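Take a look at the structure below.
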Amino acid sequence: MESIKIDSGIGTNNELPVLTIQVSLMGNMRDGRVELTYRGVHSYSIEGFAPDDTTGNTWIEDALDLRKTNLLKHKVTLTGGNWSIEADDVEYKWEPL
């Protein structure tokens with residue numbers, strides 16, 4: 001895990017702000033970066049990541065489900081921690097180094 005950015009956005013008049021979460025991970029072979037962007041976040045939990053954990057990038061488990069409410073629920077467990085995010089959409093991007 002390289003970074004997590006949480007952007008609450010700006011609400012307008014009667015609308016609530018749209019929450020966006022961006023997670024950046026170093027690729028397993030250290031040859032690129034994975035970037036996950038969750039848009040329209042409805043709920044999230046991020047636990048256990050320590051800034052000095054050098055093994056925090058090892059992927060253990062990953063589940064992406066479409067809920068009855070048409071929200072995506074993404075649950076990820078890494079050696080350094082885990083997160084669960086429910087959002088309207090998730091975008092995956094691979095960036096070679």
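When each of M29, M1 is tested for being outside any strand (DSSP E or B) and surrounded by 16 or more Cβ atoms within 10 Å (Cβ to Cβ), the lone residue that passes is M1. A count restricted to region 65-79 and to residues that are at pLDDT below 90 and crowded, with 18+ Cβ neighbours inside 10 Å stands at 1. Within this structure, D89 fails the test of being modelled with pLDDT of 80 or more, more than 13 Å from S3 (Cα to Cα) and out of contact with any strand residue (DSSP E or B) (no Cβ under 6 Å at 6 or more places or on another chain). Look at region 34-58: where a residue is on the phi > 0 side of the Ramachandran plot and a partner is of a type in the set (S, T, N, Q) and at pLDDT 75 or above, sitting 6+ places away or on another chain with Cβ atoms under 9 Å, you get G40/T20; G48/N82. With respect to the conditions (1) over 14 Å from I85 (Cβ atoms); (2) modelled with pLDDT of 85 or more, V23 lacks only one, and its number is (1). Of the residues screened, S84 is not one that is loosely packed, with under 15 Cβ neighbours inside 10 Å, assigned to a strand (DSSP E or B), within 14 Å of the chain's Cα centre (by Cα) and touching a residue at least 24 places away in the same chain (Cβ under 8 Å).
The values are calculated or read from the model by the stated rules, or taken from the named source; none is laboratory data. Keep in mind that this is a model prediction, so the values were computed, not measured. In this analysis, Cβ positions are derived from the backbone assuming ideal geometry, glycine residues included, and neighbour counts consider all displayed protein chains.
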